[in-house]
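So the structure is just underneath, and the comments pick up after that.
Quick note: the coordinates plus some simple rules give every number you see, no bench work behind them. These numbers were taken from a predicted model, which means no experiment stands behind them. Don't worry about glycine lacking a Cβ; one is built from the backbone with ideal geometry, like all the others, and counts go over all protein chains shown.
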Amino acid sequence: MSAAGAAGGNWGDGTRSVHAGLPEAVPGQPFLPGPVFAAPYHLDPERGPSAAADGYGRPDNPTRRLLETAIGELEGADCRVFASGQAAITGLLLTVLRPGDTVLLPADGYFSVRSFASDTLEQLGVRVVLVPTAGPYPSFDGVRLVLLETPANPGLDVADVRAVAAAAHAAGALVAVDNTTATPLGQRPLDLGADVVVASGTKALTGHSDLLLGYLATRDAGLRDAATTWRNATGGVPGAFDCWLAHRSLATLDLRLARQTANARALADLLAARPDVTGVRWPGRPEDPAYPVASAQMRRVPGVLSFDLGDERRVARFLGASRLVAAATSFGGLHTTADRRAQWGDDTAPGFVRFSCGIEDTADLLADVAAALDAAG
Ligand SMILES: Cc1ncc(COP(=O)(O)O)c(C=O)c1O
């Protein structure tokens with residue numbers, strides 16, 4: 001834990017974001033030390049690697065450790081960062097699961113995890129059961145690991161982490177939560193009873209659409225050590241410059257999320273009032289089916305929403321007419337983006353759009369979206 005982490009138990013989200021993982025103030029030194037670029041480090045000729053924290057870049061990098069301290073403070077756990085969210089999630093799955101085990105995965109979550117399960121886990125003899133995020137959940141008897149993704153991408157259903165964790169633990173299963181969409185300021189899965197958090201830091205956590213990152217956070221020392229061993233053996237580490245950029249970006253997490261959420265709230269109301277838009281989902285709207293659980297377990301609802309524009313051509317006309325909404329996959333960034341998920345093979349309707357609010361002014365974004373919808377016909 002950093003000096004700020006040790007001191008700041010009661011601090012608000014803005015203060016925690018700005019100070020997360022920063023080292024003690026040292027006169028003449030920067031607030032956030034610059035990236036340390038190294039493959040090998042000098043070794044002590046007599047004592048070898050035991051003489052210093054850093055010996056070789058795959059297991060050891062001080063820039064990466066500072067980022068892990070920062071994310072760990074926000075999640076309330078030990079953290080290990082990976083080269084991408086997918087590296088963190090597959091690392092967890094392969095660390096925990098063995099042939100003959102059963103894993104429960106979200107039926108409506110990030111599609112690459114399901115592809116990995118059918119391409120790799122099932123080949124290894126792991127039984128994969130897909131469960132809708134909103135439930136109902138089957139019996140957890142005989143289950144080794146439950147992975148929740150809440151809110152789920154792209155449908156934005158929400159799982160009751162407390163209820164699932166209690167039932168899964170009673171049956172002896174481990175519970176992991178993909179915290180990508182919510183971020184650690186949006187929800188604290190470990191406080192809700194989960195054993196481990198995995199996430200993509202590529203999205204809102206770092207939010208500038210300029211790097212890939214993943215992480216795993218846990219209070220279970222055995223899991224942490226197994227994940228560390230896995231990462232050292234398979235080598236999926238992020239580089240020093242990406243770690244530094246990510247840490248720099250974390251400082252504005254609270255501000256970015258606040259604007260994204262305000263934009264999503266206003267936009268969800270605008271869209272829901274339009275007869276030419278259907279299926280508006282945003283877990284922060286009282287009318288949303290996910291609202292009761294989301295409002296009970298989340299600290300804030302992120303800036304991602306979804307809706308249906310009817311067909312592929314209308315989505316294209318909408319995106320072509322908008323000046324502020326970029327057609328792009330991914331979400332959680334500074335710039336507002338929209339993605340027609342069926343084009344990536346998601347099991348969604350042809351006109352289904354995942355929409356990620358950026359930090360533009362709310363009035364500008366609303367005016368632009370309304371005009372683009374009008375123009376799309
Ligand atoms: C919920 C969720 N988890 C994990 C990932 C994978 O993250 P990455 O692209 O950083 O590998 C994504 C990517 O979109 C995601 O949306």
**Fill in**
Rg/Rh over Cα atoms for the stretch 139-218, Kirkwood Rh, comes to 1.01
**Asked** Remind me, relative contact order of the stretch 1-85 in percent, using alpha carbon pairs under 8 angstrom and six or more residues apart?
**Response** 30 percent
**Asked** Whole-Hz Karplus ³J(HN,Hα) for the stretch 320-333, in order, using 6.51 cos²θ - 1.76 cosθ + 1.60 and θ = phi - 60°, x for Gly and Pro?
**Response** x, 7, 6, 9, 10, 9, 8, 6, 6, 7, 6, 6, x, x
**Request:** Calculate how steeply helix 85-96 sits against the longest principal axis of the alpha-carbon atoms of the chain, using the helix alpha-carbon long axis, and give the answer as 0 to 90 degrees to the nearest 10.
**Result:** 60 degrees
**Item:** Kirkwood-type radius of the stretch 79-206, with distances r between different C-alpha atoms, in Å
**Value:** 14.4 Å
**Asked** Over the chain, what is the mean sequence separation of C-alpha contacts under 8 Å (at least six apart), divided by residue count, expressed as relative contact order in percent?
**Response** 16 percent
**Request:** Please check the chain for the longest run free of GluC sites (Glu not before Pro) that are loop-located per DSSP (anything but H, G, I, E, B) and have at most 16 other Cβ atoms within 10 Å.
**Result:** 123-286
**Fill in**
With a Förster distance of 41 angstrom and the Cβ-Cβ distance between Asp141 and Ala273, calculated FRET efficiency to the nearest 0.05 equals 0.35
**Message:** If you take every DSSP beta bridge fully contained in the stretch 175-272, what fraction is antiparallel? Give it as a percent rounded to 5.
**Reply:** 60 percent
**Rg(Cα) / (2.2 N^0.38 Å) computed for the chain, rounded to two decimals** = 1.01
**Request:** Could you tally the net charge around His208, taking each other residue with its Cβ under 12 Å from the Cβ of His208, Lys/Arg +1 and Asp/Glu -1?
**Result:** +1
**Asked** When only Cα pairs under 8 Å and 6 or more residues apart are kept, what is the percent relative contact order across the stretch 54-135?
**Response** 24 percent
**Request:** Among DSSP beta bridges lying fully in the chain, give the percent that are antiparallel, nearest 5.
**Result:** 60 percent
